[in-house]
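All remarks here apply to the structure that follows.
The values are calculated or read from the model by the stated rules, or taken from the named source; none is laboratory data. As the structure is a prediction and not an experimental result, all values here were calculated from the model. Heads up, the Cβs are rebuilt from the backbone with ideal geometry, glycines too, and the neighbour counts pull from every protein chain shown.
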Amino acid sequence: MRIVLLGAPGSGKGTQAVRLKSQLGVAHISTGDLLRAEVAAGTALGVKAKAVMEAGQLVSDDIMLGMLENRLAQPDAAGGFILDGYPRNLAQANALDALLVRIGQPLDMAVLLEVDNELLFQRLAGRAQAEGRKDDNPETVRERLRVYAAQTAPVVGYYRERGQLAALDGVGTLDEVYARIVAAVGARR
Ligand code: AP5
């Protein structure tokens, strides 16, 4: 299966992708994790990306596409993947389509996790305390949610128009949300 996982910051994409990856035996590709690895390694790209991420903005489309293309070329992605954090705007959605056609791996579906902003704030505040992720402070979370609404939300319509979208309630226990995802993915297999 080749799946795009959509949802606002804190909607549970990363958490649910880890479980789904094991069940489907596919690669979990988180562009946020790829960027954080570059930041931790202190690469030139990481130095550039750090400030952008800490401001809650999007890293440039060119950088992200190059990074994604390299990751999709790794052997574990040949049997399918869950994309978590990409695409984040319409330009990225178009670039992804073109890339997947080129490598002969068309997308099966997009899954959207819907969670209201108040709960997203609560979850990210909890993670800020537990893990200290730099971009989980209230000011940056507000900006990440603003960027999501302005740039990423239109991507939902992009997949809906193609009949590829499963929009799911992302509120509930981890098991409840996961069961909804498994049912939606099962219906497309
Ligand atoms: P990224 O790492 O992708 O961050 P994000 O989209 O903001 O996602 P999060 O990791 O905050 O949330 P999530 O939906 O994965 O939720 P999670 O499962 O972690 O991106 C970070 C930055 O990198 C971006 O701001 C941007 O700068 C840059 N970037 C990345 N991709 C890019 C791209 N394509 N283009 C340009 N720039 C890009 O859960 C959150 C918390 O909630 C956890 O503590 C979890 O335990 C908890 N939780 C989850 N589900 C539940 C539940 N059901 N009940 C209770 N708690 C829950």
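Some values worked out for this structure:
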| read-out | value |
| --- | --- |
| Residue within the range 126-148 that is closer than 19 Å to Ala17 by Cα and among the aliphatic types (A, V, I, L, M) present | no |
| Selection count, the range 88-116, where residues are under 14 Å from the mean Cα position of the chain (by Cα) and within 19 Å of Leu20 (Cα to Cα) | 6 |
| Exclusive hit being of a type outside the set (D, E, K, R), surrounded by 12 or more Cβ atoms within 10 Å (Cβ to Cβ) and more than 13 Å from the ligand (Cβ to nearest atom), set Leu112, Leu145, Leu107 | Leu107 |
| Close pairs (9 angstrom Cβ cut-off, 6 or more residues apart or separate chains): within 7 Å of the ligand (Cβ to nearest atom) in the range 162-177, among the hydroxyl-bearing types (Ser, Thr, Tyr) anywhere | Gly170/Ser11; Leu174/Thr15; Val177/Thr15 |
| Condition broken by Leu83, with the remaining ones in (1) near the ligand (Cβ under 8 Å from one of its atoms); (2) closer than 16 Å to Val111 by Cα satisfied | (1) |
| Scope the range 128-142; condition surrounded by 14 or more Cβ atoms within 10 Å (Cβ to Cβ) and either under 18 Å from the mean Cα position of the chain (by Cα) or within 24 Å of Ile29 (Cβ to Cβ) (or both); matching residues | Arg133, Asp135, Asp136, Thr140, Val141 |
| Residue in the range 39-60 that is among the basic types (Lys, Arg), assigned to a loop (DSSP other than H, G, I, E, B), closer than 20 Å to Asp135 by Cα and within 11 Å of the ligand (Cβ to nearest atom) present | no |
| Options Val111, Val156, Val147: the member that is in contact (Cβ under 8 Å) with a residue 12 or more places away in the chain and in contact with a helix residue (DSSP H, G or I) (Cβ under 7 Å, 6 or more places away or on another chain) | Val111 |
| Subset of the range 130-165 [of a type outside the set (Asp, Glu) and touching a Leu at 6+ places or on another chain (Cβ under 7 Å)] | Val141, Leu145, Val147, Gln151, Pro154, Val155, Val156, Tyr158, Tyr159, Gln164, Leu165 |
| When residues of the range 52-78 are limited to those that are of a type in the set (Gly, Ala, Ser) and loosely packed, with under 13 Cβ neighbours inside 10 Å, the one nearest to Lys21 (Cα to Cα) | Ala73 |
| One residue from Ala40, Ala49, Ala44 being small (Gly, Ala, Ser), without any contact (Cβ under 8 Å) to a residue 60 or more places away in the chain and surrounded by 14 or more Cβ atoms within 10 Å (Cβ to Cβ) | Ala49 |
| Filter result (within 13 Å of Ile3 (Cβ to Cβ) and acidic (Asp, Glu)) within the range 57-111 | Asp84, Asp108 |
| Cross-chain or 6+ apart pairs with Cβ under 6 Å, the range 120-133 first and under 20 Å from Asp169 (Cα atoms), then more than 8 Å from the ligand (Cβ to nearest atom) and at pLDDT 95 or above | Leu124/Val141 |
